[in-house]
Amino acid sequence: MIQLADEVFAVKSDPNQLDVNEEVLDHLRRIHPATVSEYDDGRGPVAWVLVIPTTLELMNQFTKGEISERELYERTPLHVKYNAIYLCSAMVLEEYRRKGIAKRLTIEAIKSIRNEHPIQSLFVWNFSEAGEITSAAIAQALSLPLLKRVNH
């Protein structure tokens, strides 16, 4: 999955993106346990989803390009009420794509977060057409507005 992430997002060559490692994963789980989800087919993980609950203020700064993905992660405070969720990444092994796994994992994660936080909006920085389609379907399924960062 880490190799797939490197191929899709090229985080190693872009200091503005969040380079996910064990330390980052631990911090995300402190933000909320549902930030990191995976689907295991019995032989190992085949899909991985990352969402980051945050504030509307940080969402707006990110979607306008005023802060980077890394800054969004670093500036998201702990132990506050979150009202926005960043659909950070979804990776699915090729042979498991187009089965709705990423959409289902993401919706389950958001519903879990909404049990504790007054989420008003979703936002995304799409890197693929599949990401564009999936993020729109997630927002529609949850009846939440979806804001997009336009620059890559």
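The values are calculated or read from the model by the stated rules, or taken from the named source; none is laboratory data. If you're wondering where the values come from, they're calculated on a predicted model, not measured in any experiment. Cβ sites come from the backbone with ideal geometry, for glycine too, and all protein chains shown count toward neighbours.
Some observations on this one:
- Test: residue in region 6-20 that is over 24 Å from LYS148 (Cα atoms) and either modelled with pLDDT under 95 or β-branched (Val, Ile, Thr) (or both): no
- Region 100-111 residues that are under 17 Å from ILE133 (Cβ atoms), paired with ones that are acidic (Asp, Glu) (beta carbon under 8 Å, 6 or more apart): LEU105/GLU38
- Test: residue in region 67-81 that is in contact with a Cys (Cβ under 9 Å, 6 or more places away or on another chain), in a loop (DSSP other than H, G, I, E, B), more than 26 Å from GLY44 (Cβ to Cβ) and among the aromatic types (Phe, Trp, Tyr): no
- Members of region 57-66 that are part of a helix (DSSP H, G or I) and of a type outside the set (A, V, I, L, M, F, W, C): GLU57, ASN60, GLN61, THR63
- Among the numbered conditions (1) of a type outside the set (Val, Ile, Thr); (2) assigned to a strand (DSSP E or B); (3) out of contact with any strand residue (DSSP E or B) (no Cβ under 8 Å at 6 or more places or on another chain), the only one that LEU122 does not meet is (3).
- Screening region 82-98 for residues that are in contact (Cβ under 8 Å) with a residue 60 or more places away in the chain and assigned to a strand (DSSP E or B) and picking the one that is farthest from LYS148 (Cα to Cα) gives MET91.
- Boolean, LEU87 is at pLDDT 95 or above and within 17 Å of VAL124 (Cα to Cα): yes
- Among the residues listed as GLU74, GLU132, GLU66, the single one being within 20 Å of ASP26 (Cα to Cα), out of contact with any Ser or Thr (no Cβ under 8 Å at 6 or more places or on another chain) and of a type in the set (Asp, Glu): GLU74
- Residues of region 30-56 satisfying the condition of being part of a strand (DSSP E or B) and more than 19 Å from GLU95 (Cα to Cα): VAL36, LEU50, VAL51, ILE52, PRO53, THR54
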